[in-house]
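The values are calculated or read from the model by the stated rules, or taken from the named source; none is laboratory data. Note that the structure is a prediction, hence the values are computed from the model and not measured. All Cβ positions, even for glycine, are placed from backbone atoms using ideal geometry, and neighbour counts span all protein chains on display. With ligands, DNA and RNA removed, areas are computed over all heavy atoms of the protein, side chains included. Shrake-Rupley method; radii C 1.70, N 1.55, O 1.52, S 1.80 Å.
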Amino acid sequence: MKESSFILFKRYLWLVSTIKNAGYISMHGINEKWRASFLNEKKEDSIPKKTFFRHKQAVQDLFDISIECRKSDNTYYIEDDLEKDALKGWVLNSFFVYNLLRESYDMKDVVLFERIPSGAEFLLQILNAIKSGHTLKMKYRKFEDEDYKEFEVEPYCLKVNRQRWYVLAKRSGDVKKKTYALDRILSLEETPPTYVYPADFSPQKYFCNSFGIYANEEKNIEEVVIKARGESCNYIRTLPLHSSQKEESHDGYFIFRYKIKIDEEFKAELLRWGAGIEVLQPMELRVDLMESIKKMMEIYKM
């Protein structure tokens, strides 16, 4: 992504974050915030009206967030309920923290973050390609490959998982969709060919029965039942392992049920909880985890 495009992207987020945090804010109030913002590198006294309305439209197009004007006092507000939209809420909360820390840069050492791999510079490019219906020429290198491969893809959606960005896309000529990690992309280039984004495709539905980044269309949905004890109960209750999670309270333990496609990522997540949980069903999953635990015991055997 060109630097100017990335700066614009941050300005769009700044505008939404500023209005959302204020509730209702006049143009005068927005300009006051802009004069104090670290993004205002040119030390502008105000945002030109044409620029403001261009940003307002870009926010609508890119994020589907509507900035409206209350005619009674000419103040601006966010019409959407952002708390009900996971993506919008995540983006805005992340930017709010970023903006807060930049404005209080002398306090940056008291806040510790997890390292996030690179790749975010491709976000706007991918969003623009989805919007315009253009394919992307991608140079991509897997961890296990020494050299990169170059191919064209039709992008369908972006997904965040464990501090990494992924794009769900279909290679030109393929039938199946695949996920590609943005930090493994070496370069992206919008290409002249176009594709038709399926009107009946829903990213939420596509991933709803999956764990992590893979949505194997050939796998069946299964019911998984686990038993959690001790502190694990509260952690899992407050941060569900999957959106289908249902709980049953018992004396000294909880039962959690899931409707999910079982894959290696989900197995690894269950193993991560150690003795804090026990898989009750399906039996095949229980046996698989038992075999994994046996292998680990062999490795650590004294």
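Students often get this wrong, so check it: of 49/131; 10/71; 142/246; 177/295; 10/159, which have C-alpha atoms separated by over 31 Å?
142/246; 177/295
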Any idea how far apart residue 204 and residue 218 come out in nm if each label point goes 7 Å out from Cα toward Cβ? 3.0 nm
Output the Cα-based Rg and Dmax of region 182-227 in Å, rounding Rg to one decimal and Dmax to a whole number. 16.2, 53
Rounded to two decimals, what ratio of Rg to Rh does the chain give with C-alpha atoms and a Kirkwood Rh? 1.02
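Using unit Cβ charges (K, R positive; D, E negative) and no other charged atoms, how large, in debye to the nearest 20, is the dipole of the chain about its Cα centre?
500 debye
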Give the residue from 220, 140, 192 lying farthest towards the positive end of the charge dipole for region 127-245; charges sit on Cβ (+1 for Lys and Arg, -1 for Asp and Glu) and the dipole is referred to the Cα centre. 220
Run the accessible area of the chain with a 1.4 Å probe and give the carbon-and-sulfur part as a rounded percent. 51 percent
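Pull out the extension gain between residue 164 and residue 272, defined as 0.36 nm times the separation in residues minus the alpha carbon to alpha carbon distance; nm, one decimal.
37.0 nm
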DSSP-loop chymotrypsin sites (Phe, Trp or Tyr not before Pro) across region 201-279, with at most 13 other Cβ within 10 angstrom: 201
Would you work out the relative contact order for region 173-302, in percent, from Cα pairs under 8 angstrom that are 6 or more residues apart? 26 percent
Enter the mean projected area of the convex hull around the alpha-carbon atoms of region 170-302, in nm², rounded to one decimal. 12.2 nm²
Using a Debye calculation, one point per C-alpha and no hydration shell, please list log10 I(q)/I(0) for region 1-68 at q = 0.16, 0.19 Å⁻¹ in order. -0.51, -0.74
Taking only C-alpha pairs under 8 Å that are 6+ residues apart, what is the relative contact order of region 230-288 in percent? 28 percent
Given the -39500 (n - 2.57) contribution per DSSP H run of 4+ residues, what per-residue ellipticity at 222 nm results for the chain, rounded to the nearest 500 deg cm²/dmol? -12000 deg cm²/dmol
Of the GluC sites (Glu not before Pro) in region 1-76, those whose Cβ has at most 11 other Cβ within 10 Å and which sit in DSSP loop: 41
Between the Cα axis of helix 27-36 and the main Cα principal axis of the chain, the angle (0 to 90°, nearest 10) is 70 degrees
Toward the positive end of the charge dipole of the chain, about the Cα centre and with charges on Cβ (Lys, Arg +1; Asp, Glu -1), which of 208, 19, 239 goes farthest? 19
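Hand me the trypsin sites (Lys or Arg not before Pro) from region 223-302 located in a DSSP loop with no more than 14 other Cβ atoms within 10 Å, in residue order please.
301
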Tell me the label-point distance for the pair residue 146, residue 302, using the 7 Å Cα-to-Cβ offset, in nm and rounded to one decimal. 4.3 nm
Could you run the Karplus curve 6.51 cos²θ - 1.76 cosθ + 1.60 with θ = phi - 60° over region 287-293 and give me ³J(HN,Hα) per residue in whole Hz, x for Gly and Pro? 5, 4, 5, 4, 5, 5, 5
Over the chain, what is the relative contact order in percent, taking alpha-carbon pairs closer than 8 angstrom and at least six residues apart? 11 percent
Using θ = phi - 60° and Karplus 6.51 cos²θ - 1.76 cosθ + 1.60, couplings along region 135-144 (whole Hz; Gly, Pro as x): 6, 10, 8, 10, 9, 9, 10, 6, 4, 7
How large is the Kirkwood hydrodynamic radius of region 225-302, counting all unique pairs of alpha carbons, in Å? 13.2 Å
